[in-house]
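Written below as structure tokens is the structure these notes are about.
The values are calculated or read from the model by the stated rules, or taken from the named source; none is laboratory data. Keep in mind the model is a prediction, meaning the values are calculated, not measured. All Cβ positions, even for glycine, are placed from backbone atoms using ideal geometry, and neighbour counts span all protein chains on display. The protein model used for the area step is the full one, side chains on, heavy atoms only, and it has no ligands, DNA or RNA in it. Shrake-Rupley method; radii C 1.70, N 1.55, O 1.52, S 1.80 Å.
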Amino acid sequence: MTSTDKKAFINFSPPLIGEEEIQEVVDTLRSGWLTTGPKTSCFEENFSKYTESKHALALNSCTAGLHLALAALKVGPGDEVITTPFTFCATANVIEHVGARPIFVDINPDTLNINKELINSAITDRTRAIIPVHYAGRPCDMKALENISAKREIPLIEDAAHCTEGISQDRKIGSISRFTCFSFYATKNLCTGEGGMITVQNDEDAELIRVLRLHGMSRDAWKRNTPGADVLYDVHSPGFKYNMTDIQAAIGIHQLKKLHKHLKRREEIFEMYDHGLKDLPLVLPSPVKEGDRHARHIYNVLLTDEAPLKRADFIKELTARGVGSAVHFTALHQFSYYQEKYGYKPEDYPVASDVSARTVSLPLSPALTDAQIERVIETVIDILS
Ligand SMILES: *Cc1c(COP(=O)(O)O)cnc(C)c1O
């Protein structure tokens, strides 16, 4: 079956890869240089321009970026890092990786982002960083978070995995905080299969991350490979293996060029859903604040108490009728690792617990046609009436 077949399964988030990406990958394969090299440099330069950031450093994932930011800040055992429980597990897992303790702060029921009013009371003298997440692509109120960060002298590490195109009060996501981490995972708005980027505003942080992302080595292979260059290197610290390959960057270069066009399509799909699903027992995404740009990564609906069936059955029905879906997210305090280690109860984070139990993400990708989105809408209406 092809995607144009009437009954073909509608995938939740198919990537949109064109001939340009394919040709660039082939060119890389023929070039004789596969790992971090000229294509990665080109992708970094273009990404830094796009996000209006001082430095952009390509990585093999967003998770790597979050980990490197914490490592660069020397966060470790005994330290605390504030984040939201309503995120992908990677956001908190990296805090565990460095031996620190994640401190969850509940979300705002309207934006589904970390509730800025609750952050101050979660700060202690052990708090070493705050990791806000731009849920679904909706930018956090960065002005408010910066104020807290400046007043309490606690750096911000943005998890912008959903928010490559985001703008918070007229400033590009990636240009604001000390560290911002992006994901190019297969389902993300800009995808390279696996991949990520960290943007950094000061030169020292950038240099530190550059070294830490490749074993702590003073010179990477591409630099050692240029004629006349010193083939030896020093190891400054036991760094990580987090570099991006030129094969990934080849895809990224063209995905970045198409990002705006893809975002326009994502906005159209959002509008179709907003319009088509408005009279159902669902809470739809709230309007975007003036001066912000939502990256339209996820369209999630919350089933209300008036819905005729439970979420699990709703998802089963969608699947049975050929519509893919996903849950973003099961709140982290409900996963066994976090629950057992810290003894969390659902009522510790009432909003995240409630939203987490009701949320369903519908298919969203620039690869989906109007006919497919209409079929999703008709299917949802059919199940809920
Ligand atoms: C996808 C995702 C990540 C992890 O991205 P990777 O590139 O797969 O490491 C982190 N945070 C959030 C919110 C995500 O959705």
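Data table
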read-out	value
All positions within region 138-179 that are farther than 25 Å from His260 by Cα and hydrophobic (A, V, I, L, M, F, W, C)	Ala144, Leu145, Ile148, Ala150, Ile154, Leu156
Positions within region 196-236 being over 28 Å from Leu256 (Cβ atoms) and either more than 29 Å from the chain's Cα centre (by Cα) or of a type in the set (A, V, I, L, M) (or both), in sequence order	Ser218, Pro227, Gly228, Ala229, Asp230, Val231, Leu232, Tyr233, Asp234, Val235, His236
Residue that is least open to solvent (accessible area, probe 1.4 Å) [pool: residues in region 236-272 that are under 21 Å from Glu24 (Cβ atoms) and of a type in the set (Val, Ile, Thr)]	Ile253
Subset of region 184-224 (residues that are open to solvent by less than 10 Å² (accessible area, probe 1.4 Å) and part of a strand (DSSP E or B))	Gly196, Met197, Ile198, Thr199, Val200
Single match in Ser149, Ser175 (criterion: open to solvent by 10 Å² or more (accessible area, probe 1.4 Å), outside any strand (DSSP E or B), touching a strand residue (DSSP E or B) at 6+ places or on another chain (Cβ under 6 Å) and away from the ligand (no atom under 16 Å from the Cβ))	Ser149
Residues of region 43-78 classified as open to solvent by less than 30 Å² (accessible area, probe 1.4 Å), free of Cβ contacts under 8 Å to residues at least 60 places away in the same chain and under 30 Å from Glu347 (Cβ atoms), total	1
Boolean, Ile107 is under 21 Å from the mean Cα position of the chain (by Cα), within 16 Å of the ligand (Cβ to nearest atom), under 26 Å from Ser325 (Cα atoms) and at pLDDT 95 or above	yes
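Quick grid of which residues meet (1) open to solvent by less than 20 Å² (accessible area, probe 1.4 Å); (2) in a helix (DSSP H, G or I):
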position: Arg296; (1), (2): no, no
position: Leu309; (1), (2): no, no
position: Ala312; (1), (2): no, yes
position: Thr319; (1), (2): no, yes
position: His333; (1), (2): yes, yes
